[in-house]
Amino acid sequence: MSEQLKIIVEQLNKEPFKKNFNLITFDSLDPMQLLQILNDVLAEIDPKQTIDIREEMPDQTVKRICALLAMLKYKPPGSLSDVSSFRQGLVTGSKPVVHPILHWLLQRVPELKKRAYLARFLVKLEVPAEFLQDDVINDTYHQYEELVEGFKTYHKECEQLRTSGFSTAEIRRDISAMEEEKDQLIKRVERLKKRVESVSNHQRMLEQARQLRVEKEREESLTHQKQEQKNQLFQAEQRLQRSQQQLKDLRQAAADANPESLIRRLEEEIKINSYMVSEKLPKELEGMRRTVQYLQKVASEPAMGQDDLHELEDKIKEVDSQINQLIEKRMMRNDPMDDKLTLYRQQASIIIRRKESKAEELQEAREELAAAERVLKQRNSQTQGSDGEEVIRSDELKRLVAKLRTKGTMYKKKRQEIAELKAEYGVLQRTEEILKQKHENLQQKLQTVEAEKGISGYSDTQEELERVSAIKSELDEKKGRTLDDMSEMVKKLNSMMVEKKSALAPIIKELRSLRQRCQDLSHEYEEKKVQYESCAAGLESNRSKLEQVYILQLIIEMQIQRAAEEMKAYVSSDPQERKKKLREKQKLVRESHGVNMEQMKMWRDLEQLMECKRQCFIQAQSQASIGQVIQEGGEDRLVL
């Protein structure tokens, strides 16, 4: 439930809701506010639902919300499957009812928007049957159904266009680019026309250029026609070669063909087809039917729990123990006559398996031949020229001839193998018939002996035990192979791990030494850095003091120069000249007073800033653990 609330709050805080809820505020909402939030979410999905539920009757609100949820295919949880309790929970704004609805809606907003949009046009109106008896209403309703079907097709086409990769923005950009290019070409043509008009006989030159262009186009068309005629000549030569080869093959086939070989071939095909129809295909069909029955049985049964699985495992163990007991009894009652019969049975089963495998190979070869014929037909239809004739290149023809040669040699080899197998099959079939006859005689004798001894049915039980033992031996062999594969895989993994460890050992050793060296260097770097910072701070303070001294010296020199000028002015014998100089000096002072005052203010600010920096630096040095700056007699000393 907490995860559900987190998802709801997270989605409501996003666009387009922006509710700014947290888990506490959302959980403390009253039922009316919770229903209003649910209605806002439904309004985002379907704009028709935008309404203040305080202005609507509760019954109408529940009816409207239930109708929309049914249209959106919402299924209440298992605990709320009762319709009346679900409606009552919506009326009262119950959290166990509203929270699952919000969780389901907020996780599927885009999908539900699309569904609500389509429902406006695809949900058909229910018209009573008695109203449809009217011709006008009936025709209108049929038109309405046709419009619905048309909307479906148009919507599918629209979705296909949206997913096809075409973008209207890109098309518009291409159109605008083409229009710009067209305007540029028009301007360029106009410029060329103006440039040509100044040339004498421009009309005659234009006419000659037009004729030259027409002749070039004609030359290109003639070249294209010449190439097409060459291609057609080459295709005609290829068709002639193929026709000659087909004629040669048909003559050879007619020379080799006689009624006896044709009848023999047809008899072989009839035997093969009869075997496929009477034995192989019915077995496959029966196996598929059994599989379908098993699957239907499994699908119809209820879901199995852990107890059912344990019960089935116990039954399997019990049946395995019974099989083992029967195998042990059979081994204790071993009979030489049974061993001979087992040999014959094994030979017969081998023959049957070989027969089935060859039939499967034949079926696969036929399917491959049919697929090759379909592909050949498709290729021929695709490679039709403009005149409806086939186009085959020389390299393709060479590859096809080489492939046909290999296929021909393989076909001859397979045909020889099939002939040998047929001969062997005839011998084995005769042997099988003799063995079957002997087996029937022995079975009759065995049944009479069992009836005399009073143990009738013993041979059938023994055959069942043999079959079960064969199945068990196959399973044991599979288990052994699986265990061997697993042990071999474990050995390979262990060897790979040892190799990787041995390869990584020197690298890890070198890495440890490098880590230690890195730690030492970093420690030394930190020490040097502290020393450098302390020395830099002392030098900075000395530099600031020297700058102050230099500034004071400049001020004193300016004052001395000013005093000398004033003394010179006072000492001067001419009072008019002195008065004139004083006026000029007064004028200069007035003009530079504002600038000088601003400069003095800037110097005072700079002095305050430097003093603040000095105080901060002194305070930082006094708090530092390494080194201390002592100021005595206008000097700075760094004590480490």
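Quick rundown of the values:
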{"item": "Using a Förster distance of 56 Å, the FRET efficiency for GLU440-VAL490 (Cβ separation, nearest 0.05)", "result": "0.60"}
{"item": "Distance (nanometres) between label positions extended 7 Å along Cα→Cβ at ARG289 and LEU404", "result": "4.6 nm"}
{"item": "Furthest towards positive pole of dipole, ASN596, LEU582, ALA620, structure part the range 576-622, Cβ charges", "result": "LEU582"}
{"item": "Positive minus negative residues near GLU219 (Lys, Arg vs Asp, Glu; Cβ under 14 Å)", "result": "+1"}
{"item": "HIS103-ARG430 pseudo-label distance in nm [points 7 Å out on the Cα-to-Cβ vector]", "result": "8.0 nm"}
{"item": "Sparse-neighbour loop sites [trypsin sites (Lys or Arg not before Pro); the range 90-146; at most 11 other C-beta within 10 Å; DSSP]", "result": "LYS124"}
{"item": "Accessible surface of the range 464-571, 1.4 Å probe, proportion on carbon and sulfur as whole %", "result": "63 percent"}
{"item": "Among PRO47, ILE65, GLN36 the positive-end extreme of the charge dipole of the chain (Cβ point charges)", "result": "PRO47"}
{"item": "Above-threshold pairs, the threshold being 25 Å between Cα atoms, out of LYS315/LYS479; LYS283/LYS355; LYS63/LYS95; LYS315/LYS355; LYS283/LYS412; LYS280/LYS403", "result": "LYS315/LYS355; LYS283/LYS412; LYS280/LYS403"}
{"item": "Dipole in debye (nearest 20) - the range 576-622, about Cα centre, beta carbon charges: Lys, Arg +1; Asp, Glu -1", "result": "500 debye"}
{"item": "Listed pairs LYS271/LYS358; LYS73/LYS113; LYS19/LYS73; LYS329/LYS478; LYS75/LYS156 exceeding 18 Å between Cα atoms", "result": "LYS19/LYS73; LYS329/LYS478; LYS75/LYS156"}
{"item": "Computed lengthening from SER221 to ARG251, 0.36 nm per intervening residue step minus Cα-Cα distance", "result": "6.3 nm"}
{"item": "Accessible area expressed per residue, the chain, with surrounding protein chains retained (probe 1.4 Å, Å²)", "result": "82 Å²"}
{"item": "Centroid-to-centroid separation of the range 195-240 and the range 404-467 [C-alpha atoms, Å]", "result": "81 Å"}
{"item": "Protein accessible area in the range 71-195, 1.4 Å probe - carbon and sulfur %", "result": "56 percent"}
{"item": "Value at 222 nm in deg cm²/dmol, rounded to 500, when DSSP H runs of n ≥ 4 in the chain each add -39,500 (n - 2.57)", "result": "-30000 deg cm²/dmol"}
{"item": "ILE7-ILE137 pseudo-label distance in nm [points 7 Å out on the Cα-to-Cβ vector]", "result": "4.6 nm"}
{"item": "Where only C-alpha atoms are counted, convex hull volume of the chain per residue in Å³", "result": "695 Å³"}
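The values are calculated or read from the model by the stated rules, or taken from the named source; none is laboratory data. Computed from a prediction, not measured in an experiment: that's the story for all the values here. Heads up, the Cβs are rebuilt from the backbone with ideal geometry, glycines too, and the neighbour counts pull from every protein chain shown. Each accessible area value is taken on the protein alone, full model and side chains, heavy atoms only, with ligands, DNA and RNA left out. Shrake-Rupley method; radii C 1.70, N 1.55, O 1.52, S 1.80 Å.
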